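The next block holds one structure in the form of structure tokens; read it before the comments.
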Amino acid sequence: MSPDEMKKLAAKAALEHVEPGIIVGMGTGSTVNHFIDLLGTIKSKIEGAVSSSEASTARLKALNIPVYELNAVGEIPLYIDGADESNHYLQLIKGGGGALTREKIIAAASKKFVCIADQSKLVDILGNFPLPVEVIPMARSYVARQIVKLGGEPVYREGFITDNGNQILDTHGLSIMEPAKLEGQINNIPGVVTNGLFAIHPADVLILGSPEGAKTIY
Ligand code: 5RP
């Protein structure tokens with residue numbers, strides 16, 4: 001079974017979490033794209049979505065799913081998003097697609113975060129996937145030097161601008177033993193918008209697609 005088929009399995013299993021009449025918070029990425037396509041088949045049962053990226057917004061709108069501004073809604077009952085890595089505590093590295101800041105905001109504004117991924121994303125220790133850090137452009141070199149002091153090897157994601165008009169440093173060489181501590185340390189560097197660790201607020205549910213089916217971890 002291909003990774004994409006496993007992503008689709010996870011996306012399908014996540015549909016069970018969609019209650020009638022709700023607004024769904026939507027992440028970004030290829031796994032979420034499968035979920036959005038499936039959401040299109042039950043769109044009359046939900047009120048709409050709040051989106052974490054221009055890409056997800058375009059996909060939702062193409063399926064005629066109403067997209068609301070976060071400021072126009074209250075607490076979101078359910079947030080669905082993928083991940084680049086998850087440990088067994090459901091602490092994540094996200095941001096491979098560069099949408100980490102809006103993803104973190106919507107995850108924070110949501111009651112339940114269901115993460116969907118193929119089984120390869122589950123790891124014992126976070127950090128093999130380079131940790132994305134969104135930075136204000138003028139601060140990029142300064143932030144990079146501070147990340148080196150924390151033991152990382154930041155690499156500028158050239159030619160990429162986030163939906164917020166910022167840049168990304170992909171941080172290699174980290175073996176993240178204390179994810180929540182590192183999340184706070186990096187976010188405290190002036191010029192950092194946010195980093196891709198979702199550890200202070202991990203996912204609530206992780207659904208992993210595998211050749212044996214979708215496995216749910218709480
Ligand atoms: C985007 C993300 C994605 O959730 C993450 O990169 C996983 O992507 P995919 O579902 O394509 O494997 O954090 O910013």
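Applying the set (1) surrounded by fewer than 18 Cβ atoms within 10 Å (Cβ to Cβ); (2) under 28 Å from residue 15 (Cα atoms); (3) in contact with a strand residue (DSSP E or B) (Cβ under 8 Å, 6 or more places away or on another chain) to residue 202 leaves exactly one unmet item: (1). Taking segment 8-33 as the range and being among the charged types (D, E, K, R) and near the ligand (Cβ under 6 Å from one of its atoms) as the test, no residue passes. Can you find a residue that is on the phi > 0 side of the Ramachandran plot and not aromatic (Phe, Trp, Tyr) anywhere in segment 74-88? Looking for residues that are on the phi > 0 side of the Ramachandran plot and not aromatic (Phe, Trp, Tyr), one finds none in segment 74-88, hence no. The residues listed here are 189, 176; of these, the one that is surrounded by 16 or more Cβ atoms within 10 Å (Cβ to Cβ) and under 16 Å from residue 144 (Cβ atoms) is 189. Against the test of being assigned by the TED database to the domain that holds residue 58, over 23 Å from residue 27 (Cβ atoms) and more than 19 Å from the chain's Cα centre (by Cα), the options 154, 211, 190, 137 yield a single qualifying residue, 211. Touching a residue at least 60 places away in the same chain (Cβ under 8 Å), more than 21 Å from residue 181 (Cα to Cα) and within 16 Å of the ligand (Cβ to nearest atom) - does that describe any residue in segment 58-76? Scanning segment 58-76, I find no residue that is touching a residue at least 60 places away in the same chain (Cβ under 8 Å), more than 21 Å from residue 181 (Cα to Cα) and within 16 Å of the ligand (Cβ to nearest atom), so the answer is no.
Applying the criterion of being part of a helix (DSSP H, G or I) and of a type in the set (Gly, Ala, Ser) to the residues of segment 118-147, the residue that is farthest from residue 161 (Cα to Cα) is 120.
The values are calculated or read from the model by the stated rules, or taken from the named source; none is laboratory data. These numbers were taken from a predicted model, which means no experiment stands behind them. Don't worry about glycine lacking a Cβ; one is built from the backbone with ideal geometry, like all the others, and counts go over all protein chains shown.
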